[in-house]
Amino acid sequence: MFLRLVAALLFCGFASLANAQQAVGWKTGREAAAIERKVDALLGKMTLEEKVGQLHLSGRGEGFDIEQVRNGRMGAVMNFVVPAEIRQVQEAVRQTRLKIPLIIGLDAVHGFSTYFPLPLGQAASWNPQLIEQAAYWTGREASAAGVNWTFAPMVDMSRDPRWGRVLEGAGEDVHLASIVAAARTRGYQRGGVAASVKHFVGYGAGEAGRDYNSTWIPLSQLHDLHLPPFKAAFEAGAMTAMAAFNALNGMPATAHRGMLTDLLRGQWGFRGFVTSDFGSITELRLHGIAKDDAEAARKALLAGIDMDMMGDVFHKHLAGEVKAGRVPMKALDEAVRRVLRVKFHLGLFERPDVDVAAAPALMQTQEARDVARQIAREGVILLKNERETLPIASAVKSVAVIGAMAVPEDERVWTDPAGLGRRVVQPLPDALREQLPADVAVTYEPAFTKNCGTVFKDKDAALRAAAAADLVVAMLGEDCEFMGEGASRTDLGLPGVQQELLEALVATGKPVVLVLATGRPLVLSWADKHVAAIVQTFHGGTEGRAAIADVLAGKVNPSGRVPMSFPRSVGQIPVYYDQLPTGRPQKIRQRYESIYMDEANEALYPFGFGLSYSRFGYANPRVERERVALNAAAEIAVDVTNQGTRDGQEVVQLYVRQPVASRSRPLRQLKGFEKIFLKAGETRTVRFRLEGRALGVHDDAGRYQLDPGMVEVYLGGSSQAQANTRFELTKP
Ligand code: BGC
């Protein structure tokens, strides 16, 4: 028996190893040169149809034709998550003439089997190491199931919370977003899946926050705001990219040669392949730049799209376009070369088929769940905490948890690894019972029929439970169809009947803690005035509710910080911290200042903001040298003290402003941050190194421009940081 057990364990161990993929990424030097030779040799053997096949990406589900795989007419598949099914398509490849492995893609946006917080919630942790770990475990689990490519990270910059996809990004700031983009890229690829950084480019700037809408982005802003996170992801080794749906300055991104070829390949030297977005090639007809699919296919390929996701137009028309001489064979070869190159660099030709039996053991491992718990904790933002309502005081003997969202229904966004592994998602009432002393009664009333909060189930029962408790924890927010792709909103209040419930709960007179799980910053002006405490999360994933309980009970001191400003009203949008100055700044709020008659200018909760159960003080902001050459670096230091009685983490943020330069510079710009842990009473000196060459901006022609002059530096725990110092940036 014992021996059988040992044998079984060993078997498990070996089996796991077969699926535990190695890190993937670009090979260098001789290996890379050898790959180029292999690519050329393979290309030389391919028929026109086989070449086109490599550019055809088709997805699981209706219409999927495995014969196309068997005939060498398909280069990539998507949305396969069940290892046994992946195995089938891999086996179909063995029947092809050239046996070119498939690239197998999936939107593993915030997890595969273990769910981490939505990307915006990960960014709220301001902890790049943890963010990288979350992507790593996502990559590992996905690759253990046979996936080798993920459509992530999304690095689109957006200042418009009306857009439903802000949840996939890292918020409004380019510095934070670039760091997150690089961390996520590294993590995915270390975990064994190629990253596809998306959506190139400008998708987050859709006019009026409407999904898929056109964007108008001046070159200076394109280079200062929208492109840097892509650049950061490529520098971190991203092997593929996805083009965007939108038109950028009048040219659909899927046919934008200036971006896809001149900039990406020409200036940045990107060697991987670019896929279209879902059907975005055939949509070129609807954009009005192609009369039919053949022309759409031709325009996309010639602009620099290498792979057609779910559009079936490369598959149907490219061979004909080549034969008719409208697409040069050279252009087709170049696209195929890029796809094959990635496949070789990924090591797909040597990778064994997925080990179906081994996959489940690699899902939701304790290590992955530990990371999920930690990042979910660190992403919790305490927005308001009147009279220390939180952490829950020892005098509180009963807590009423209200809201269907407190008990998970479905934590998935896109991926569903069909029965793989456990899907442990602890309900909030259970998690609270675990964290609070045994004599605290925790009751639960869903109030709504579903998580979405659109229909009441039993409002009165919820109000009775609230009235009977010492403290009310209302978990509300956005779920179901209210967030994500195709979920633009013009009203950023709580969806459905949730506001009605919230007001009724407050009317009971009991202190209300509003716990939010949303996909975007909502307008919380009413809640800010009336509830005792507000805890913001962006759907924390598998460990999300446990992490909320950790914070409510005081086991964890909240350390999340706002990654995207919370507007006071929709009319303020776009509201973001790094605005340019105007000639009519707000001074005394009188007419002819740049203000609203009926609303403040400032965000309700600004970028970088977040409360803690401690207070952090900043002292002695200082620069090493008062004059710093443009090609040198400024050394900046500040002493940070935990002035509270609890240990905790602080996000020390550094902002700069150049008050006089050749172009207007933002009032503040984040240029550095560090998340530190301080014991109660402890002081630490935090040091930053600020490269002079990082302080430039792009001009109207997209040229980078550095200006000598005074640089003001602000240090603190939000974009309203007060401690300051300055230095003079000088010509080298
Ligand atoms: C989205 C992409 C996604 C793709 C595949 C599209 O609608 O825009 O981000 O990767 O679908 O699911």
Original post:
Using modelled amide H (1.01 Å from N, peptide plane; none on Pro or chain starts), what sits under 5 Å from the amide H of residue 554, excluding residues fewer than 5 places away?
Top reply: 392
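Any idea what the relative contact order of segment 129-277 is, in percent, if you count C-alpha pairs under 8 Å spaced at least 6 apart? Could you put the intermediate results ahead of the total?
Values: 314 pairs, mean separation 38.1, N = 149.
Answer for segment 129-277 is 26 percent.
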**OP:** Before anything else, pin down the relative contact order of the chain: Cα pairs under 8 Å, at least 6 apart, normalised by residue count, whole percent.
**Re:** 14
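Tell me the Kirkwood radius of segment 464-513: reciprocal of the mean inverse pair distance over distinct alpha-carbon atoms, in Å.
Averaging 1/r across every pair of different Cα atoms and inverting gives 12.3 Å.
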**OP:** Kindly work out what percent of the DSSP beta bridges joining two residues of segment 138-275 are antiparallel, to the nearest 5.
**Re:** 15
Subject >> Karplus (6.51, -1.76, 1.60) ³J(HN,Hα), θ = phi - 60°, over segment 641-655, in Hz, Gly and Pro reported as x >> reply: 10, 7, 8, x, 9, 10, 5, x, 9, 10, 9, 7, 10, 10, 10
Original post:
What's the Kirkwood radius of segment 63-144 in Å, using all Cα pairs?
Top reply: 14.3
Subject >> Electrostatic dipole magnitude of the chain [Cβ: Lys, Arg +1; Asp, Glu -1; Cα centre; debye, to 20] >> reply: 1640
Original post:
Under a point spin-label approximation (7 Å from Cα along Cα-to-Cβ), what is the residue 555-residue 30 distance to one decimal in nm?
Top reply: 5.3
Original post:
Taking a threshold of 29 Å on the Cα-Cα distance, which of the pairs 45/198; 27/99; 45/323; 198/731; 27/231; 27/330 fall above it?
Top reply: 45/198; 198/731
**OP:** Over every pair of different alpha-carbon atoms in segment 546-659, take the mean of 1/r and invert it; report that Kirkwood radius in Å.
**Re:** 17.7
Subject >> Cα long-axis angle, helix 329-345 against the chain (0 to 90 degrees, to the nearest 10) >> reply: 60
**OP:** Assuming R0 = 56 Å, can you tell me the calculated FRET efficiency for the pair residue 468 and residue 639, based on Cβ-Cβ distance, to the nearest 0.05?
**Re:** 0.70
Original post:
So for the pair residue 316, residue 682, with labels modelled 7 Å out along Cα→Cβ, what separation do we get in nm?
Top reply: 6.3
**OP:** Take the Cα atoms of segment 586-645, find their three principal axes, and give me the spread along each one in whole Å, biggest first.
**Re:** 44, 41, 18
Original post:
With N residues in the chain, what two-decimal value do you get for its Cα radius of gyration over 2.2 N^0.38 Å?
Top reply: 0.98
Original post:
How big, in percent, is the set of alpha carbon pairs in segment 554-596 lying more than 13 Å apart?
Top reply: 69
Original post:
Which cross-chain or sequence-distant (5 or more) residues have an amide H under 5 Å from the amide H of residue 610, H modelled 1.01 Å from N in plane?
Top reply: 562
Original post:
Given 562, 573, 640, which one lies farthest toward the positive end of the charge dipole of segment 556-647, if we put +1 on the Cβ of every Lys and Arg and -1 on the Cβ of every Asp and Glu?
Top reply: 573
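Give me the percent of the accessible area of the chain that comes from carbon and sulfur atoms, probe 1.4 Å, all protein chains in place. List each step's numbers first, then the result.
Working: 14100 of 27960 Å².
Summing carbon and sulfur atoms, their accessible area is 50 percent of the total for the chain.
Could you work out the helix-only [θ] at 222 nm for the chain, with each DSSP H run of four or more residues adding -39,500 (n - 2.57) and the total divided by the number of residues, to the nearest 500 deg cm²/dmol? Display every interim value, and only then the final one.
On the way: 19 runs with 206 residues, N = 732.
The per-residue figure over the chain is -8500 deg cm²/dmol.
Let me check I've understood the local charge: for residue 252, count other residues with C-beta under 12 angstrom from its C-beta, Lys and Arg +1, Asp and Glu -1. What total comes out? The partial results should precede the final answer.
Working: positive: 257, 285, 299; negative: 277, 283.
With Lys, Arg at +1 and Asp, Glu at -1, the neighbours total +1.
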Original post:
If R0 is 60 Å, what FRET efficiency do you get for residue 631 and residue 47 from their C-beta distance, rounded to 0.05?
Top reply: 0.65
**OP:** Would you mind finding the longest exposed-site-free stretch of the chain, with exposed trypsin sites (Lys or Arg not before Pro) meaning DSSP loop and at most 12 other Cβ atoms within 10 Å?
**Re:** 100-290
**OP:** Treating cross-link reach as a plain straight distance, find the lysines whose alpha-carbon is under 18 Å from the alpha-carbon of residue 510, omitting any fewer than eight places away in the same chain.
**Re:** 384, 397, 459, 529
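The values are calculated or read from the model by the stated rules, or taken from the named source; none is laboratory data. Note that the coordinates shown come from a computational prediction; the quantities given were computed from them, not determined experimentally. Every residue, glycine among them, receives a Cβ derived from its backbone with ideal geometry; neighbour counts consider all protein chains shown. Surface accessibility is based on the protein's heavy atoms, side chains included, excluding ligands, DNA and RNA. Shrake-Rupley method; radii C 1.70, N 1.55, O 1.52, S 1.80 Å.
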